[in-house]
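Engineer: Would you mind keeping the following structure in view while I ask a few things?
The values are calculated or read from the model by the stated rules, or taken from the named source; none is laboratory data. Predicted model, so just to flag it, every value in this text is computed and none were measured. Cβ placement follows ideal geometry from the backbone for every residue including glycine, while neighbour counts extend to all protein chains displayed. Each accessible area value is taken on the protein alone, full model and side chains, heavy atoms only, with ligands, DNA and RNA left out. Shrake-Rupley method; radii C 1.70, N 1.55, O 1.52, S 1.80 Å.
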Amino acid sequence: AGSVAPLAKSAAESAQKNENMSSDDWFDLGVDLEAVSPDDAPAAYMRALELDPGHSDAHVNIGRILQEAGQLDSAEEHYREALAAEKDNMLAAFNLGTLYEDMGRIEEAISIYKKAGGLADAHYNLGNTLKALDRLEEAEAGYNQAIALKPDYAEAHCNLGVALKELGRLDDALASYTKAIALKPEYAAAHSNLGITLKELGRLNDSIDYLKQAIGLNSDGVQARMGLNSAVNLAVPSWHFPMMNDEQRNKAYADALELAVRDGDFVLDIGTGSGLLSLMAAASGAEMVTTCEMSKTIAEAATQIIESNGYKEKISVLNKKSTNLVIGEDLPQQADLIISEVFSSELVGEGVRATVLDANKRLLKKGGRTIPQSGKIKIALIDNSPEISYSTSVASVQGFDLSLFNSISPKKFSSKLRDKPVLLSNPTDAFHINLTDIDGTMGREKIIKLRVNQDGLCVGLIQWIWIHLYGDIEYENKPGECDSHWHTPIYLFDEPVVAKKGDVIEIKAVLGDDYVWFWKRP
């Protein structure tokens with residue numbers, strides 16, 4: 001502004017002395033005045049129009065000033081005068097398009113943007129308008145035209161990515177966002193959009209990285225914050241926290257490691273998590289521990305935890321799946337001891353058997369040791385209770401019968417009962433799984449006869465797990481007797497059964513490679 005002020009002042013003084021100033025001189029004076037004395041600029045533009053009513057650029061600038069002041073009808077008149085005087089005035093067409101958007105005249109805005117054919121901003125605005133109308137293919141064309149006119153148009157690349165994502169073309173969207181970031185590295189919205197799209201593609205580690213960068217660039221970006229929370233929830237499921245705080249589970253593993261670890265052992269820990277089991281192994285006398293973790297986010301956190309606890313020299317963390325580990329590359333040798341805790345509440349979920357059997361076959365020394373060694377899936381009939389009924393069914397609500405909704409309810413509920421349940425049969429081992437037995441991976445089916453031990457309304461059965469860790473160390477999360485982080489699933493019958501002591505209820509039990517299921521036989 002400092003360099004413009006003298007020029008504007010000089011021009012104003014000349015205008016006062018020289019009545020022969022041309023319309024272009026008055027226009028140029030208006031431009032100069034906008035920089036130093038905006039309130040005086042309109043008078044200069046209007047003087048230019050008095051001398052030349054067809055001065056299109058003066059009409060454009062007056063229209064812009066009026067539009068910014070909210071005088072939309074008057075602004076429209078000037079833009080139209082500009083186009084009447086110079087039909088190819090792209091800036092007039094562009095500004096008129098933005099005016100029509102402000103006035104809610106969307107179709108007219110679209111039409112007029114197309115007349116500003118050589119202006120990249122017009123095609124960009126056209127794309128934005130069409131995208132808002134969910135006319136995505138047309139929006140894509142608008143953005144592409146903007147990019148053709150201005151290849152380094154980062155915002156057009158970013159918004160093209162948004163349209164492509166909504167069209168389901170996620171890989172193309174990634175390319176557009178990546179290009180926007182390459183052109184404008186500080187572009188927070190592009191980082192955010194890229195992170196959210198990577199999350200939807202399941203690339204959680206990359207997603208988290210970009211979303212953190214987006215927040216670093218713009219701490220007020222709510223979409224980035226929500227996206228990061230969602231990605232972290234997927235990468236670091238919330239069950240990690242009750243698992244880490246499960247005292248009985250932790251003590252069982254600590255006792256097993258005290259028995260199993262020998263001086264000089266090389267230990268492999270599958271599923272690092274917080275690094276707790278690796279720390280226990282090192283503290284129990286292992287010479288070296290290698291632990292592997294699929295989640296980059298978790299692996300990085302575990303590395304910091306291990307270092308902060310003083311075990312950096314003994315424990316190394318690999319961001320890799322155990323089935324991809326290679327002796328001589330990832331591991332210096334086969335392990336003396338393999339520890340894992342990748343159980344689901346059903347024992348066999350999360351690919352535990354395939355993971356453990358692969359490790360035992362490839363990564364464990366002959367005669368090596370494992371923790372855990374086997375497990376049981378246990379079941380019992382369960383009586384109805386207010387807590388179970390509240391969580392699994394509905395009856396009358398506010399005087400209305402909603403019971404038909406029960407016909408579409410799931411038959412399996414992942415429960416963690418607060419109250420001790422009433423078991424209507426003695427606990428039974430549905431399946432016993434030897435985690436070191438390769439032949440044990442085959443699916444099995446059986447009929448289990450459960451004898452009712454007291455009268456009750458049997459709504460189904462409840463399931464829990466028993467684990468043999470090592471030596472005489474066992475763990476069982478029997479419902480009502482163990483405050484475990486693992487849930488105790490309930491499998492509902494199609495209809496509750498009025499059970500009498502001595503009755504026998506037949507259960508069909510199916511064990512797959514990575515699942516278990518139960519239901520009542522007719």
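Engineer: Within region 219-259, can you find the residues that are hydroxyl-bearing (Ser, Thr, Tyr) and out of contact with any helix residue (DSSP H, G or I) (no Cβ under 7 Å at 6 or more places or on another chain)?
Structural biologist: Within region 219-259, the first condition is being hydroxyl-bearing (Ser, Thr, Tyr), and the residues that meet it are 219, 230, 238, 253.
Of everything in region 219-259, those that are hydroxyl-bearing (Ser, Thr, Tyr) and out of contact with any helix residue (DSSP H, G or I) (no Cβ under 7 Å at 6 or more places or on another chain) turn out to be Ser219, Ser238.
Engineer: Shifting gears a bit: Within region 476-494, identify whether any single residue is open to solvent by 100 Å² or more (accessible area, probe 1.4 Å) and not in a loop (DSSP other than H, G, I, E, B), and answer yes or no.
Structural biologist: At the first step, the residues of region 476-494 found to be open to solvent by 100 Å² or more (accessible area, probe 1.4 Å) are 481, 483, 494.
Retained after the next criterion (residues that are not in a loop (DSSP other than H, G, I, E, B)): 494.
Within region 476-494 (the criterion being open to solvent by 100 Å² or more (accessible area, probe 1.4 Å) and not in a loop (DSSP other than H, G, I, E, B)), the answer is yes, since at least one residue qualifies.
Engineer: Now for a separate question. Can you pull out every residue in region 300-313 that is open to solvent by 70 Å² or more (accessible area, probe 1.4 Å) and either under 13 Å from Ala281 (Cβ atoms) or touching a residue at least 24 places away in the same chain (Cβ under 8 Å) (or both)?
Structural biologist: So in region 300-313, the residues open to solvent by 70 Å² or more (accessible area, probe 1.4 Å) come out as 300, 304, 307-309, 312-313.
Passing the criteria: only Asn309.
Engineer: Let me confirm something: among Ser393, Ser403, which residue is closer than 27 Å to Lys449 by Cβ, modelled with pLDDT of 90 or more and among the hydroxyl-bearing types (Ser, Thr, Tyr)?
Structural biologist: Values: Ser403 fails: closer than 27 Å to Lys449 by Cβ.
None of the others qualify; the one that does is Ser393.
Engineer: Oh, and also: Determine which single condition Ser207 fails, assuming it passes every other condition in (1) over 17 Å from Leu160 (Cα atoms); (2) surrounded by fewer than 16 Cβ atoms within 10 Å (Cβ to Cβ); (3) hydroxyl-bearing (Ser, Thr, Tyr).
Structural biologist: (2)
Engineer: When residues of region 249-290 are filtered for being surrounded by fewer than 18 Cβ atoms within 10 Å (Cβ to Cβ) and assigned to a loop (DSSP other than H, G, I, E, B), how many remain?
Structural biologist: 6
Engineer: What residue, of Leu198, Leu126, Leu211, is in contact with an Asp or Glu (Cβ under 6 Å, 6 or more places away or on another chain) and part of a helix (DSSP H, G or I)?
Structural biologist: Working: Leu126 fails: in contact with an Asp or Glu (Cβ under 6 Å, 6 or more places away or on another chain); Leu211 fails: in contact with an Asp or Glu (Cβ under 6 Å, 6 or more places away or on another chain).
After applying the criteria, what remains is Leu198.
Engineer: Another question, if that's okay. Give me the pairs, please: first residue somewhere in region 214-228 and open to solvent by less than 70 Å² (accessible area, probe 1.4 Å), second residue anywhere and assigned to a loop (DSSP other than H, G, I, E, B) and at pLDDT 95 or above, beta-carbon distance under 6 Å, and either six or more positions apart or on two chains.
Structural biologist: Leu217/Glu186
Engineer: Can I ask one more? Regarding Lys376, is this residue closer than 30 Å to Phe493 by Cα, out of contact with any Cys (no Cβ under 7 Å at 6 or more places or on another chain), in contact (Cβ under 8 Å) with a residue 40 or more places away in the chain and open to solvent by 30 Å² or more (accessible area, probe 1.4 Å)? Please lay out each step first, then the result.
Structural biologist: Working: closer than 30 Å to Phe493 by Cα: yes; out of contact with any Cys (no Cβ under 7 Å at 6 or more places or on another chain): yes; in contact (Cβ under 8 Å) with a residue 40 or more places away in the chain: yes; open to solvent by 30 Å² or more (accessible area, probe 1.4 Å): yes.
The answer is yes for Lys376.
Residue-by-condition table, conditions (1) part of a helix (DSSP H, G or I); (2) on the phi < 0 side of the Ramachandran plot; (3) not polar (S, T, N, Q):
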position	(1), (2), (3)
Ile339	no, yes, yes
Val342	no, yes, yes
Leu347	no, no, yes
Glu350	no, no, yes
Thr355	yes, yes, no
Asp358	yes, yes, yes
Lys366	no, yes, yes
Arg369	no, yes, yes
Gly375	no, yes, yes
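Engineer: From the list Leu435, Leu417, Leu457, which one is open to solvent by less than 80 Å² (accessible area, probe 1.4 Å), touching a Pro at 6+ places or on another chain (Cβ under 7 Å), at pLDDT below 95 and farther than 20 Å from Val356 by Cβ? Walk me through how you get there before you give the answer.
Structural biologist: Details: Leu435 fails: farther than 20 Å from Val356 by Cβ; Leu457 fails: at pLDDT below 95.
None of the other options fit; the residue is Leu417.
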